[in-house]
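The values are calculated or read from the model by the stated rules, or taken from the named source; none is laboratory data. Note that the structure is predicted; figures quoted are calculated from it, not measured. Cβ placement follows ideal geometry from the backbone for every residue including glycine, while neighbour counts extend to all protein chains displayed. These area figures cover heavy atoms from the full protein model, side chains too; ligands, DNA and RNA do not enter into them. Shrake-Rupley method; radii C 1.70, N 1.55, O 1.52, S 1.80 Å.
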Amino acid sequence: ESLDNLSMDSFWLEVENIKQSTEAEQEECSLSDVKTQEEGEAEAEWLQDAGLSDLLGDRASENDNIVLLSTLTKTQAAAVQRRLDTYSRSRRRKNKHPVRDVRDIFGVSNSEVSSSFWLSEIQDIFSSVAETQDYSCTVRNPGKEEVFNMDVAYSEQAAVLLKGLFLSESRRLKDGNTLTKFKIPKGRLGVTRIGDLSAQDMKKIPTLALIELTALCDVLGFELKRNKAAKLKTTEKKLFGVPLNTLLENDQKLLPNTKVPLLLQALLSCLEKRGLETEGILRVSGSQTRIKSLEQKLERDFYTGLFRWDEVHQNDVSGLLKRFIRELPAPLLTAEYLPAFAAVQNIPDLKQRLQALNLLILILPEPNRNTLKALLEFLSKVVARENNNKMNLWNVSTVMAPNLFMHKGLPNKIPEGKEKQLAEGAADVVRMMIHYQDLLWTVSSFLVAQVRKLNETNSKRYQFCDKRIKNLLRKIHADKDKVEKNQAEPSKIVKVHSSLLLKDSLEVHLNNATRVADVLRQFQKNLNNSMECTNLLLYEVGGNIGEHCLDPDTYLLDLYHINPHAEWIIKQNPS
């Protein structure tokens, strides 16, 4: 209890430090005024961000949206319909040019368009999904490892759980050792991590994740809060207060393929070498005067290589780290989605909080997501040295929460009487991101399946047809990868290509037990050299996927049935 009180004191002390360090710079606010969107405006921007902007305009002869709509689950389709409903009503009230009627797109036959269709859709979901899925295992069982199902859309799971009243009470535990352990069950197609998919396929993920997150919030009865995208003002600085995209563009001129700003890498590296054992690291603030002076020196000397890291006190380096995060022109969690990250604390069920966080992280722009991951990995290392630095998971979370959730370009008004609740909630979100980062940086199987379907149908052009859309959106799509058991073909001989050493492709006999790891071992055996199997990776390329680094436990015959037109290529691990 004393540690918890100390850590909350640290939260407010950090808030005071932030206020003092930025008081003289308030006039330099880098974000234009960020206002909550009005009804209709918010829905229109949501539809654009969800890749459905064509639904806002006049009827088109050909439409890409039909492809995306065809991949949606029933809860996702209901979420889209609800926002079109709201958008249409707001446009009519404003007497603007007529928009396409919701009934034309979703096939609603009612004389009056209302949310009743959406509500009936949700009721249908409860019955239809419950008939085929059993989620009784998701009831909380303290002390035991729980399954984190990524095969079925989270919103579909929530609908079933809500009907069965399986939701657990809210648990915000401040002792990291008592946090629930979750395990992602590996299906026959393995697990896909962020970074396993090609850039081409990853571009499709944020759109799908936004639709799914909205559907999840709809089912749970929570409003998905988003700010309007803010315009950034330019700065003459090179490092602090510079947009992530600009930093990375500059860094990539020096080091191609840089994914995390070089300054942040240098700060984290310095702290990992000399600061992990320092008592109170991150919590104990360095001198504001020295930190400001060091910032100026870094602006001048960082890229020349003349800055002397060994001469800087570790508490000052941690101060520079937090200042770098705070000085970003837009929050690391983005101005648009910072309210959504903060609202995660209001979801009572721990597993569903993690589902929402997983989707939010997938929605983040790649530079933000990569930078956040580098920061969280470092914070995990700090927590791992708790015995020496006296910084447990909750301590680290409470110190870092103000730096991630407070931004000088955004309003920080806290309702009276809500200070403690919001402070603990923000710290709880940071705690979850640190502790569950491996789970959160996973791409759910149901999203990968939707990407595959998008790729399969994207080459086909459908004439825009209301009847076809109606049929597509009323159909319940299976979320999990369904591996069809082909009794006539229990085995298959395929060729695996390699960019390493072998001129000819490797012929592999597949059966129901053949995994990626088996093929890599066979390849290594054929090479007959000392190259370790752990340094080799097998990629699925083409067909209904761009490029996919395969989990070693993927069963290849099942994958072949899912994507028979792909090539399989062995490459060396780039890391």
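The accessible surface of the stretch 311-366, taken with every protein chain in place and a 1.4 Å probe, is 54 percent carbon and sulfur.
Structural descriptor for the stretch 236-317: relative contact order 36 percent, calculated from alpha carbon pairs under 8 angstrom and at least 6 residues apart. Stokes-Einstein diffusion of the stretch 330-444 at 37 °C, 0.692 mPa s viscosity, Kirkwood radius from Cα pairs, rounded to a whole number: 225 µm²/s. Stretching L422 away from Q20 to a fully extended chain increases their span by 142.6 nm, per 0.36 nm per residue minus the current alpha-carbon distance.
When the pairs K225/K408; K183/K204; K238/K408 are compared against a 24 Å limit on Cα-Cα distance, K183/K204 fall above it. Taking label positions 7 Å along the Cα-Cβ direction at both T289 and Q572, the computed distance is 5.3 nm, reported to one decimal. Which entries of K273/K390; K259/K373; K144/K381 show an alpha-carbon separation above 22 angstrom in the structure shown? Violating the 22 Å Cα-Cα cut-off are K144/K381. Note on the stretch 209-315: Cα-Cα pairs beyond 25 Å make up 44% of the total pair count. Once Rg and the Kirkwood radius are both taken over the C-alpha atoms of the stretch 282-392, their ratio Rg/Rh works out to 1.03.
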